[in-house]
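Asker: Dropping the structure in here first, questions after.
Nothing in this text is a laboratory measurement; each read-out follows from the coordinates by a stated rule. Predicted, not measured: the structure shown is a model, and the values here were computed from it. So basically every Cβ, Gly included, is an ideal-geometry build from the backbone, and we count neighbours across all protein chains shown.
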Amino acid sequence: MQQVVQPGMQPVATTFFFYFLSGLTLVSGVFVITRKNPVHSALALIFGLLAQAGLYLMLYAPFVAGVQIILYAGGIMVLFLFVIMLVNIERSQKEEQFNKQWLVGLLAAIALGALFVVVYVKGKNLFPYRIAQPIENSNTQQIGVMLYGQYMFAFEIASLLLLVAIIGAVVMAKKRI
Amino acid sequence: MGAGQPGNRERPITMTDRTMTEQKTTEQKTSDPTRFLSHLELDQPDKTFLDSNELVINMGPQHPATHGVLRVILKLDGEKVLGTECVIGYLHRGVEKIAENRTYTMFNPYVDRMDYVAAVSNGLGYCEAVEKLLNIEAPPRAKYIRVILTELNRMASHQLWLGTHALDIGAMTPLFYTFRDREEILKIFEKYCGARLTTHAFRIGGCQYETYEGFERDVIKFLNFVPPKIDEYEELLTSNRIWLERTKNVGVISRADAIALGVTGPVLRASGVKWDLRKAQPYAAYSDFDFEIPIGTNGDTYDRYTVRMEEMRQSLRIIRQAVERIPEGPIMAKVPKVIKPPVGEIYHSIEAPKGELGYFIVSDGSTQPYRVRVRPPSFVNLQALDIMVRGALVADVIAVIGTLDIVLGEVDR
Amino acid sequence: MVAKLKGQYGSGVREACTYLGQNYMVVEPSVVSELLQILRNREQFDYCVDITAVHYPERETQFELVWILYSFPRNERIRVKTMIADGESIPSAVSIWATANWLEREVYDMFGIRFDGHPDLKRILLPDGWKGHPLRKDYGIIQQDQEWVQANLGIESGQ
Amino acid sequence: MLDYITSYLSSDTTPGQAGNVFWAFVYIMVVFGGISVAVMAMNWLERKALAHFQIRLGPMRVGPHGLLQPIADAIKLMTKEDIIPAEADKFVFWIAPLIILCASFAVYIVVPFGPTHAITDLNIGILFMLGVSSLSVLGVVMAGWASNSHYPLIGALRSSAQMVSYEVAMGMAVVSAVLMTSLHGLGPYGVGVGTSGTGTLSMIGIVQAQQEQHVWFLFKFFPLGFIAFGIFAIAMVAETNRAPFDLPEAESELTAGFHTEYSGLRWSLFMLGEYAAMIAVSSIAVTLWLGGWYRPFPNTLTGETWDLVFSLFPGLSFLALAAIAFVGVRRMPKHPYFRVQTIGLAGFGAVLGLIGLILFAPPMRDRVQDIFWFVAKVAGFMYLYIWYRATFPRYRFDQLMKVGWKVLLPIGIGVLILTAVLGVVL
């Protein structure tokens, strides 16, 4: 098949979008854990996921972005909302948002942050300084070739696992088949 | 709820009576004025069905598919109906009380307002009951006119039923087709007596009006006009896959249940009981005509549909015979100026489009009836709703309400 | 048939006659339940057409209850009537014919006659809190439960 | 600046790919404006066509033959009181219609109206479309939940279950079409030559693949393409909650389903979203199976003459519409009361005729042809939507699920496997 002739994409306002999307991700993340109403939390999580998809797009990984939208934002979050709507919201709203474990949580967060900083400082050289050049436009096809060529076996194993998980879920949910 | 009904024996009663009695006690406790409008615990948003496993929904009185102001309280598990309770009376006008304060003649127009889509049948039942009480008989020509108009009205009623029933199930188009053809019937009524819906076509002792010039021609024209239209409705629905799936085995009521619940009319016949008052206890001139009683076998919504469709064709058959054989003669019997039946009581019933429509009239010898009791077919048929929809889905409730063919004016009177 | 029943119940069946070709029998309230049972099971009156009542305020036993029955196998109707006084109750027929459920509720609603053993005896056509039973003769035709109307509909009067 | 603007005109790609912000913006405006107008037109057409199915006239009062009815409706809806139920979750209630609207409009970014007439061409085009359009489920669920009422909640649950279920079958059909882009199939059905390679997810790429293979995917590997298309055509009706799968808004059961509590502008946003989604999924179907913007019979009716003949179609169809309008003018009642309407209809006909004449001009002709064929094919689907609505009763929920999971999905998987096998073997 003849490759579609595509002149190199020219990114527009990259810096702005990067900060915008990462800011959106962070803010949504904070909202996810601070909102008392779980539906609002889920909504914030959706925005966070969409912003992440935007970031993927900026990294010239459109396939990952698309999958992010279709699976996380479209599929998984719908199920989340489903469950949230069916549980007793009134009760969860009355529960205290930050309970006694906040100290432990804070410590864990600090430890994790410290770990990130250490890794970044120690392994600075691992990160390339130059901005990644746009890879070819056909990187979705590349993913396909890789998945079904080089990593065929791993891919099939993963799908088998998922199949087992589906059957398990059905068996657990339905007492009598 | 009717937990002790013998008709329910065959089905396990999944709904506990506890919940309904609970509602009753809360009702009695609160003197909140809104409890009449909603005495269910609907204002608690947290009570969703993972907690209680049950969801109480109020269908009506303002609902597009309850054919008026019927209110059905549905107890749901997901979409599955655990039980229903009908709340009726929103259209109660005290027709029976009014009758006690009107003369026999004055009450005649009131009966049209009960089943307003089959007003002619109501009038026929009432007039015949009073005639029986007076021990007079309408002349043959009047009887034939009565049969023609009543059967036309049965057509109109069934057409209206078909349109709205199909609309409930989601088929929009038949509604307009049936209304187009019903219009022709209403035009005949209008030409005959000046009214289209609440006709007040008959008087005690016969008919007020002689047929107008060209009445027979109009009726024959209608008889030739409508059979292809009925085929047209059937073409749209009878073999439509979705229609079949929505109606077959939906709202099944067994023969025994139907009899126990006193269900009459097409609903009873669809359950396989070959019983039609026009044949069983002929009134008016029905004994002169040759027609079939269509019956169903499964007692499901589809059977009721086919029974009614066939009834329309049989009605046409009766009308054709009546028009061809209509005798000449007077249209009013000798009726005293002031109707004063002797002391006594009478029960007379006819086969209205919806079932057995009975009038129980008690006379104390005065000009006003002492008591008029109307035995409304819709009211009694509606009682069967509960057992017909147990275990079905919400969509089936709609289909079953449609297939029962209730008119709230008659249920509530 | 009536004679047979009369023989069985003696004074229970007060009279059995025909008026204008329609059969009816007047019975004592005490035997009603049993009689209806027999009519249903032995005489094949499997269809309860109607249950209603008539109010005669001047009589001692004010209410005349009427059961209209029909038999599919015999193609025959019969009316069973009984008299009861105000405040008295009568055994419910719900266990004999399921139809009786709503019909008895309506009689209760309109006349205030209580049926013993009815599963859910409450008003059916009138709202639950309504006072009075409109088909009694002492209930005027324009009479209304003003209190209820004012409390629930927020209007001064329904007229 | 001017150079920047004009530089795009000579390029042969979409503005998004060319990275030309100005033209991308213009295209966005044109496409979104066009879709909004199409939704209004669709509104009018649906009411008219449905009315004629049902021996009615439909809107007749506002404007000649009710032509201005959508505008009147829009004004009415906008000026209507905006009610938010007291117990509703205000924020979610407010944002739900916006989510639906955004989701159903965002998909038009990749819809190829012509080889260069798309806002941009993502190389995950079809994936993007499916993904973004699936986001509208979120809006539905939120609307139902936020209304804090039982009917909307049931409607929302039905809707989300339905959309999630049919998305699976839809995905299977789409994947089989995507497979066809890479599988040339040398047998009697596939016409192409070339080698098997990786296919493409790009919308424009898919259409071009059909051109290269000289076959609409509808007819490829007959009847596999046909079956896949059928699955998609059924699933897309369910996906957009239209009759006979309109359970979430089944008016006879759930009053209006998830948007029962909505009114005024918010409600109209739902409607806008619904119709936009209908057009969007129809565009997918056209792109994947019906050769996108290509004119019919490209294989048999070839040559300059036929190209010319087919390029005249846009103009001709507008002239035909104008002719219909003028017939309508002739048939208008000759009463003074109708004078304004008659003049209005004549004016409308004149505008249509003028557009038709403009479209005959050679430069216009070539540029517009692609868009015309694309829109014409989509319009066919829109007509089917109306036709379904007039004909079918509504499915019950369990039957709907049965159709989705037990009929469409197995067939879809079967078609997918067979397509792959055929493509490799042939």
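Asker: Any idea which of D:294, B:84, B:189 is furthest toward the positive side of the dipole for the protein assembly as shown, if Lys and Arg beta-carbons carry +1 and Asp and Glu beta-carbons -1?
Answerer: Going by the Cα projections, it comes out as D:294.
Asker: For the residue pair residue C:72 and residue B:366, what label-to-label distance in nm results when each label sits 7 Å from Cα along the Cα-to-beta-carbon direction?
Answerer: It is 4.2 nm.
Asker: Still on this structure: Shape verdict for segment D:289-424, please, from the Cα gyration tensor: rounded (a/c under 1.5), prolate (a/b greater than b/c) or oblate.
Answerer: Oblate.
Asker: Related question: Can you compute the modelled spin-label distance between residue C:89 and residue D:94, with each label point 7 Å from Cα toward Cβ, in nm?
Answerer: According to this spin-label approximation, the distance is 5.8 nm.
Asker: Then there is this: Taking the Cα centre of each part, how many Å lie between segment C:85-111 and segment B:339-365?
Answerer: Their Cα centres are 21 Å away from one another.
Asker: Would you mind giving the mean number of other chain beta-carbons within 10 Å of the Cβ of each residue in B:274-283, as a whole number?
Answerer: 1
Asker: 5 Å is the cut-off here: which amide hydrogens, built 1.01 Å from N in the peptide plane, fall below it relative to residue C:50, excluding neighbours closer than 5 in sequence?
Answerer: Answer set, sorted by chain and number: C:68.
Asker: Could you run the Debye sum over the Cα atoms of segment B:230-322, one equal point scatterer each and no solvent, and tell me log10 of I(q)/I(0) at q = 0.16 Å⁻¹, two decimals?
Answerer: The Cα Debye sum returns log10 ratios of -0.70.
Asker: Now for a different question. Grab every C-alpha pair in chain B, bin the distances at 20 angstrom width from 0 up to the longest one, and report whole percents.
Answerer: 26, 54, 19, 1
Asker: Another one. Give me, ordered by chain and number, the residues 5 or more places off residue B:345 or on other chains with an amide H under 5 Å from its own placed amide H.
Answerer: Those lying under 5 Å, H to H, from residue B:345 are B:363.
Asker: Picking from D:166, D:395, D:151, which is most flexible by a Gaussian network model of chain D using Cα springs under 10 Å?
Answerer: D:395
Asker: Separate question: Between residue C:56 and residue A:100, with labels modelled 7 Å along Cα→Cβ, what's the label distance in nm to one decimal, could you check?
Answerer: It is 8.1 nm.
Asker: Using modelled backbone amide H atoms (1.01 Å from N, in-plane), which distant-in-sequence or interchain residues come within less than 5 Å of residue A:35's amide H?
Answerer: none
Asker: Give the dimensionless ratio obtained when the Cα radius of gyration of segment B:324-366 is divided by 2.2 N^0.38 Å.
Answerer: Output field value: 1.64.
Asker: Calculated FRET efficiency, residue B:191 and residue B:280, Cβ-Cβ r, R0 56 Å, to nearest 0.05?
Answerer: 0.95
Asker: I would also like to ask the following. Show me C:139-152, B:376-389, D:295-308 ranked by packing, highest mean number of other Cβ atoms within 10 Å first.
Answerer: B:376-389, C:139-152, D:295-308
Asker: Let me ask something else. If contacts are Cα pairs under 8 angstrom and at least 6 residues apart, what is the relative contact order of segment A:10-92 in percent?
Answerer: Worked out over segment A:10-92, it gives 28 percent.
Asker: Give the peptides D:284-291, A:57-64, D:136-143 in descending order of average Cβ contacts within 10 Å, highest first.
Answerer: Going by the mean number of other Cβ atoms within 10 Å, highest first, we get D:136-143, D:284-291, A:57-64.
Asker: Based on alpha-carbon centroids, what's the gap between segment B:197-236 and segment C:57-77 in Å, whole number please?
Answerer: 37
Asker: Say R0 is 30 Å: what FRET efficiency, to the nearest 0.05, do residue D:338 and residue D:37 get from their beta-carbon distance?
Answerer: The formula returns an efficiency of 0.70 here.
Asker: Can you give the helix-only mean residue ellipticity at 222 nm for the protein assembly as shown, where every DSSP H stretch with n ≥ 4 adds -39500 (n - 2.57) and the sum goes over all residues, rounded to the nearest 500 deg cm²/dmol?
Answerer: It lands at -17500 deg cm²/dmol.
Asker: Sticking with this structure for a sec: Evaluate the Debye formula for the protein assembly as shown with equal point scatterers sitting on the alpha carbons, no solvent, and hand back log10 of I(q)/I(0) at q = 0.06, 0.08 Å⁻¹, in q order, two decimals.
Answerer: Taking Cα atoms of the protein assembly as shown as identical point scatterers yields -0.63, -0.99.
Asker: Where is the GNM fluctuation largest for chain C (alpha-carbon springs, 10 angstrom cutoff): C:119, C:29, C:134?
Answerer: In the Gaussian network model the winner is C:119.
Asker: Still on this structure, I have one more. What ranking do B:186-197, B:138-149, A:44-55 get when scored by the average of other Cβ atoms within 10 Å per residue, highest first?
Answerer: Top to bottom by mean Cβ count within 10 Å: B:138-149, A:44-55, B:186-197.
Asker: Could you tell me how far the Cα centroid of segment D:35-86 sits from the Cα centroid of segment D:372-422, in Å?
Answerer: About 27 Å separates the Cα centre of segment D:372-422 from the one of segment D:35-86.
Asker: Sorted from fewest to most neighbouring beta carbons within 10 Å, what does the list D:202, D:317 look like?
Answerer: If I rank by nearby Cβ atoms, fewest first, I get D:317, D:202.
Asker: For chain D, report the convex hull volume of the alpha-carbon atoms normalised per residue, in Å³, without decimals.
Answerer: Cα-based convex hull of chain D, divided per residue, equals 166 Å³.
Asker: When the Debye formula is applied to the Cα atoms of segment C:14-94, each taken as the same point scatterer, what base-10 log of I(q)/I(0) results at q = 0.24 Å⁻¹?
Answerer: Per q value, in the given order, log10 I(q)/I(0) is -1.24.
Asker: Hey, another quick one. Could you work out the equivalent-ellipsoid semi-axes for segment A:10-92, taking the square root of 5 times each eigenvalue of the Cα gyration tensor, largest first, in whole Å?
Answerer: For segment A:10-92, the semi-axes come out at 28, 15, 5 Å.
Asker: Let me ask you something else. If the only charges are +1 at each Lys and Arg Cβ and -1 at each Asp and Glu Cβ, what is the size of the charge dipole of the protein assembly as shown around the Cα centre, to the nearest 20 debye?
Answerer: 800
Asker: Select from chain B the helices, each a whole stretch of DSSP H, whose alpha-carbon atoms run 20 Å or more along the helix axis and whose Kyte-Doolittle mean is at least -1.0; answer none if there are none.
Answerer: B:119-134, B:140-169, B:173-193, B:215-237
Asker: Count, for each residue of B:368-376, the Cβ atoms from other chains sitting within 10 Å of its Cβ, then give me the mean as a whole number.
Answerer: Per residue, the number of nearby Cβ atoms from other chains is 4 on average.
Asker: Hey, another quick one. Taking a cut-off of 24 Å between Cα atoms, list the lysines near residue B:229, but don't count ones fewer than 8 places away on the same chain.
Answerer: B:187, B:191, B:221, B:248, B:354, D:48
Asker: Sticking with this one: Just checking the output field for D:129-138: average partner chain Cβ neighbours within 10 Å of each residue's Cβ?
Answerer: 6
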